[in-house]
Amino acid sequence: MLFQLVGPDAVSLTAAVVQLLKSDRGAWRVDLPHGVISLVKDYAQRAYFLRIFDILDERVVWDFKLYKAFRAQSFPQCRKLLAFEHTESGDDGVVIGLNFFSEYEASEFKV
């Protein structure tokens, strides 16, 4: 199912189950309760993306184009969380968090 959603001119390099979090005055809030995140190499757009898919509704629910100096922060006290700043289109430096279902999936995704 995931490979059909990724599309014909793209490939999924890795995937995991996550919650999408956003920072709100120093506290996390759940922006998307669950989905399948994939690191996608999109040949048509000549770029890499983080995309979250709703497998049941068969659609992309979140899309983030990776840029050259992209860096995500991990936290030793919470090994299932990966965070980064999102500065595109009016988000004004919002911090995005990816809360992985398992530590194993988080560690595989971070590599």
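A short reminder: the numbers here are calculations on the coordinates, not readings from a lab. Everything quoted here is computed from the prediction, not taken from an experiment. Using ideal geometry, Cβ is built from the backbone for each residue, glycine included, and neighbour counts are taken over all protein chains shown.
For segment 21-84, the Cβ-based charge dipole about the Cα centre amounts to some 400 debye (Lys, Arg positive; Asp, Glu negative; other atoms uncharged). Each Cα pair under 8 Å and six or more residues apart adds its separation to the average, and for the chain the resulting relative contact order is 25 percent. Between G97, G35, G26, the Gaussian network model of the chain with springs among Cα atoms under 10 angstrom shows the greatest mean-square fluctuation at G26.
For the chain, lysine pairs separated by 8 or more sequence positions, or belonging to different chains, with Cα-Cα distances below 18 Å total 8.
The magnitude of the dipole of the chain, with charges of +1 and -1 set on the Cβ of Lys/Arg and Asp/Glu and taken from the Cα centre, is near 360 debye.
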